[in-house]
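The next block holds one structure in the form of structure tokens; read it before the comments.
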Amino acid sequence: MTIIEAPSRADLVQRATELVPLIQKHAPWQEENRVLHDEVLNALADAGLLKMRIPVRYGGSVPDIRTVLDVVAELGRGDGSTGWTISTMTIGSWLAGLLPDEAQDEIFADPDVRLCGSVGPNGVAVPTDGGYILNGRWHFNTGAPQTQWDTHAIMIDTGDGTLVPGMAVVRVSELTLIDDWHTAGLRGTGSVTTIAQDLFVPSARVLPMLPVMMYNQHASKQNADYLAWKVPFLQLAVAVASAPALGMARAAMETFMERLPSRKITYTNYEQQIQAPLTHLQVAEAAVKIDEAEFHLHRQAERLTAKALSGEPWTLQERAAARMDAAAVCQRAKEAVDVLNTASGGSSIYSDVPMQRIERDVQTINLHGIMHPNTNAETYGRILCGQEPNTVFL
């Protein structure tokens, strides 16, 4: 197996940490304008944090999965929308790495390329000479206004009336973008709706996903030696997508502790909130929940790495457990933020206090269909009880 060098975890995480003040500075602007600030995007690119899942031959770095998760979590500490957007771009780059190498040559020809994506299979690709005709409408298309390529989940018409899950990678310039991202949380992600109408997509940029999801089979020969592409799509995607939630919880703790010395508890005799036993209990509870979120995030990394190294197939229970870990990251992070938000008092509702934005962002990530704690708990529990799963997304 080829050993491929990558920047160290400490190096990449430090780069993310150094960008946190800049990201925090622009977080209100990003929420107001519903996309990432150009200065933030440029800084992320200069730091190499948009290339963590772009093959080295195109200028990428491809660090281990724990490094990717720690970097995305750190960006989420700066701002939830930034962490979520970079998680999506990272997953988009990884997906493009599944394609035949000639398709990758086209996509990664631009050294500054950015990819977005959506996971709902809301389009149908019908075979035609040399490729497919794609029609579809995708909501929640994070980063579309600021990327060049889109990795869309689709259904592929096999020609006999059967539809199978697939992926189509298309130029964003060939799509219609609907500016409808007016939401309560993660407002800076630019997750607009995109539409493809009678769009021709070459065969090299369309890929059936069941072999990737179930057997780690893909079309790239040059990426065959990368551990990064020896993992199943869904288990990778939920791990990366859950990382911003941990960062949001850490940001909530920092915000709370920064304001704590100057706060009292109104309508009580506590002139300093920091002296109240209730505050001590709240801080301890939130800290433990943040630790639990970190545990579940890193357990995902350990599982992905171990399975990639061993080459052993994933069991159904392991697949469901990966989704459950992602849900646990989001749920524990939200619980920590809820505790700290409750303890922050009425003054925290002002728009210049980050706590209110963090609360809305972490609530939004918990509502994501593929990571929803209730949905994933039911699926995991069904399998533990010996029942058939209630979903094909495993």
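The values are calculated or read from the model by the stated rules, or taken from the named source; none is laboratory data. Here the structure is a predicted model, which means the values were calculated and not measured. For neighbour counting, all protein chains shown are included, and Cβ atoms are generated from backbone atoms with ideal geometry for every residue, glycine included.
Points worth noting:
- Answer from Leu260, Leu234 - the residue that is outside any loop (DSSP other than H, G, I, E, B) and either in contact with a Ser or Thr (Cβ under 6 Å, 6 or more places away or on another chain) or in contact (Cβ under 8 Å) with a residue 60 or more places away in the chain (or both): Leu234
- Test result for Trp94, closer than 20 Å to Arg171 by Cα, of a type in the set (Phe, Trp, Tyr) and within 13 Å of the chain's Cα centre (by Cα): yes
- Test for His182: is it buried (at least 23 other Cβ atoms within 10 Å of the Cβ) and not aromatic (Phe, Trp, Tyr): no
- Counted residues, the stretch 14-58 - those being of a type in the set (A, V, I, L, M, F, W, C) and part of a helix (DSSP H, G or I): 13
- Among the residues of this structure, Pro7 does not count as one that is over 19 Å from the mean Cα position of the chain (by Cα), surrounded by 15 or more Cβ atoms within 10 Å (Cβ to Cβ) and within 26 Å of Trp181 (Cβ to Cβ).
Results for (1) of a type outside the set (Asp, Glu); (2) assigned by TED's automatic domain parsing to the domain that holds Pro354, shown as yes or no for each residue.
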{"site": "Asn216", "(1), (2)": "yes, no"}
{"site": "Glu254", "(1), (2)": "no, yes"}
{"site": "Leu278", "(1), (2)": "yes, yes"}
{"site": "Leu297", "(1), (2)": "yes, yes"}
{"site": "Leu304", "(1), (2)": "yes, yes"}
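- Residues that are part of a helix (DSSP H, G or I) and in contact with a Pro (Cβ under 9 Å, 6 or more places away or on another chain), drawn from the stretch 204-220: Ala204, Arg205, Leu210, Val212, Met213, Met214, Tyr215
- Selection from the stretch 354-376 of residues that are hydrophobic (A, V, I, L, M, F, W, C), crowded, with 16+ Cβ neighbours inside 10 Å and modelled with pLDDT of 95 or more: Met355, Ile358, Val362, Ile365
- Residue within the stretch 158-165 that is buried (at least 20 other Cβ atoms within 10 Å of the Cβ) and outside the structural domain of Ala245 (by TED's automatic domain parsing) present: no
- Residues that are buried (at least 24 other Cβ atoms within 10 Å of the Cβ) and among the basic types (Lys, Arg) within the stretch 52-91 comprise Arg53, Arg77, listed in sequence order.
- Some residue of the stretch 243-259 being among the small types (Gly, Ala, Ser) and in contact with a Gly (Cβ under 6 Å, 6 or more places away or on another chain): yes
- If you go through the stretch 240-255 and keep only what is crowded, with 24+ Cβ neighbours inside 10 Å and more than 25 Å from Thr305 (Cβ to Cβ), you end up with Ala251, Ala252.
- In the stretch 284-320, the residues that are among the hydrophobic types (A, V, I, L, M, F, W, C), over 20 Å from Asp70 (Cα atoms) and free of Cβ contacts under 8 Å to residues at least 60 places away in the same chain: Ala284
- Residues in the stretch 272-294 include at least one that is assigned to a loop (DSSP other than H, G, I, E, B) and not β-branched (Val, Ile, Thr).
- Test: Gly386 is part of a loop (DSSP other than H, G, I, E, B) and over 21 Å from the mean Cα position of the chain (by Cα): yes
Okay, residues lined up against (1) small (Gly, Ala, Ser); (2) closer than 30 Å to Cys116 by Cα; (3) at pLDDT below 95; (4) in contact with a Phe, Trp or Tyr (Cβ under 6 Å, 6 or more places away or on another chain):
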residue	(1), (2), (3), (4)
Pro244	no, yes, no, yes
Ala251	yes, yes, no, no
Ser262	yes, no, yes, no
Thr268	no, no, yes, no
Val283	no, no, no, no
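- Any hit, the stretch 186-197, residues being within 30 Å of Gln104 (Cα to Cα) and out of contact with any helix residue (DSSP H, G or I) (no Cβ under 9 Å at 6 or more places or on another chain): yes
- Within the stretch 143-189, tally of residues that are β-branched (Val, Ile, Thr) and in a loop (DSSP other than H, G, I, E, B): 4
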